[in-house]
Amino acid sequence: MQTSWVPGADQSGHSVHHLPYGSFTSPRNSEPRLGVRIGDRVLDLCDNAEDLAPEGPLRAALRRPNLQGLLPLGRESWDELRTSLQRFLTDPAKAHDLVDVSQVSLHAAFEPADYVDYYASEHHATNLGRLFRPDSAPLMPNWKHLPVGYHGRAGTLVPSGVNIKRPSGQRRTPDGEIVFGPSARLDIEAEMGFVVGAPTALGDTASVDSFADHVFGLCLVNDWSARDIQAWEYQPLGPYLGKSFATSYGAWITPLAALEAAKTEAPEQDPRPLPYLTEKDRYSYDIELAVTLNGTTVSRPNYRDMYWTPAQMLAHMTVNGASLRPGDFYASGTISGPERSQVGAFIELTWGGKEPMKLDDGTERTFLKDGDIVSITATARGAAGTTLELAEVTAGVLPAD
Ligand SMILES: O=C(O)/C=C/C(=O)CC(=O)CC(=O)O
Ligand SMILES: [Ca+2]
Ligand SMILES: [Mg+2]
């Protein structure tokens, strides 16, 4: 294990084996800067650019307010910077006062380009099929042949900490009446999001084995979902206003390189997918999530249970020649495991709102009330026996207008 000069960092979820990136302002600087979290501190990459990178595009990228300069540089530069950061943070000669994470405000770590949301959990897709389409087979015939997804609304991706206003929209009442008003079935979806760095040209593809060349890192996601709006509007084109009002993501992006020790086997696939979706080296990540509502942990999904891997999702997204841009973002879809205690959405936890969950404060919930606060956290194994804590996604629900 490498030891850092930052007090407390080695034993924390943010040792030199993690090093997530974020955009921050602090009492010292009111303009956003790119930073790296280490222990309970933030290293300012702009201030230390000369120490961290040779003159050229990498050094210039460290002077940008967020990841947009670093993302297009690609895997070699990302790895070069990571090695340099680890050397810097373990060299006692470089020790200096760093700003405390409690004193910073976090901003968008990257500029979301396009946003795709997948549906990669077999458990979740089966549960939702049963709830939304009780009269047909839970999985559609395509589900095991391709990772089903839809294009979301990139402009409404918001970092953790931004509260979400309850959306209003159309819904059909149980009596068949069409009414307009605030959603009465506001839900969450606990997901993993992947930040694309290295671009492709229009007409090119990113192969299933090129995942680590294109994807910079990942973060937790809460894909807020208004189930009543969704249920009425979604056929035949898929999710629209029921999901486009806001999607929250963790403000620190964990680089893929930090997750080497968390790699694990992905579920076996039957039938075997087409060659463009078949990995030479198929793996997933063992990442343990916790979903907390008003302080009560209500579910513990694990990312390793996902049927489609992020490499397969990337290959599918580009197989038609659609180009990638730095800042493209794709989410896994709700992370649900086989047990009720491992599902990533309240619609599953409460079985369509019929079985309320009990909170520690004595109240019960099916869907979200105004003022509720949802937090998604996660841990994974890091290098050298360390534990990584992924950045939480926390937000409260504001009343509709
Ligand atoms: O099966 C349906 O009709 C609906 C599915 C979802 O709402 C899930 C979704 O948005 C994708 C996901 O997060 O898994
Ligand atoms: Ca979703
Ligand atoms: Mg959404």
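The values are calculated or read from the model by the stated rules, or taken from the named source; none is laboratory data. What you see is a predicted model, and the numbers here were worked out from it, not measured in a lab. Cβ coordinates were reconstructed from backbone atoms using ideal geometry, including for glycine residues, and neighbour counts include every protein chain displayed. Ligands, DNA and RNA are stripped out before the accessible areas are found, and what is left, the full protein with its side chains, is counted by its heavy atoms. Shrake-Rupley method; radii C 1.70, N 1.55, O 1.52, S 1.80 Å.
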What is the Cα centroid distance between the stretch 8-60 and the stretch 245-297, reported in whole angstrom? 25
For R325 and K280 in one chain, what is 0.36 nm times their gap in residues minus the Cα-Cα distance, to one decimal in nm? 13.7 nm
The helix 122-132 Cα axis meets the longest alpha-carbon principal axis of the chain at an angle in degrees, between 0 and 90 and rounded to 10, of 30
Quick one: grab Rg to one decimal and Dmax as a whole number for the stretch 138-257, Cα atoms only, in Å. 17.2, 53
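Convex hull volume of the Cα atoms in the stretch 9-107, per residue, in Å³? Write down the numbers at each step before the final one.
Numbers: hull volume 9.3 nm³, N = 99.
Dividing the Cα hull volume of the stretch 9-107 by its residue count gives 94 Å³.
Among residues other than G295 whose Cβ falls under 10 Å from its Cβ, what is the net charge (Lys/Arg +1, Asp/Glu -1)? Don't jump to the answer; show the numbers that get you there.
Values: positive: none; negative: D360, D361.
For residues surrounding G295, the net value is -2.
Restricting everything to alpha-carbon atoms, can you work out Rg to Rh for the stretch 128-203 with a Kirkwood hydrodynamic radius?
On the way: Rg = 17.6 Å, Rh = 17.0 Å.
So for the stretch 128-203, dividing Rg by the Kirkwood Rh gives 1.03.
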Between L359 and E55, Cβ-based FRET efficiency (R0 51 Å, step 0.05) works out to 0.40
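Suppose R0 equals 35 Å. What FRET efficiency, 1/(1 + (r/R0)^6) with r the Cβ-Cβ distance, do E260 and R130 give to the nearest 0.05? Can you show the working numbers first?
Numbers: r = 37 Å, r/R0 = 1.06.
Taking R0 as 35 Å, the efficiency between E260 and R130 is 0.40.
Let's test the formula: R0 of 45 Å, r as the Cβ-Cβ distance of T173 and H96. What FRET efficiency results, to the nearest 0.05? Mind dumping the intermediate values first?
Details: r = 62 Å, r/R0 = 1.38.
The formula returns an efficiency of 0.15 here.
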For the stretch 41-83, just say rounded, prolate or oblate: build the C-alpha gyration tensor, square-root its eigenvalues into a ≥ b ≥ c, call rounded for a/c under 1.5, and beyond that prolate if a/b exceeds b/c, oblate if not. rounded
Sticking to Cα atoms, compute the Rg of the chain to one decimal and its Dmax as the biggest Cα-Cα distance, whole number, in Å. 21.0, 72
Accessible solvent surface per residue of the chain, calculated while the other protein chains remain in place, 1.4 angstrom probe, Å²: 42
Using label points projected 7 Å from each Cα along Cα→Cβ, tell me how many nm separate R87 and Q2, to one decimal. 1.0
Label-point separation, N142 to Q103 (7 Å along Cα→Cβ), nm: 5.3
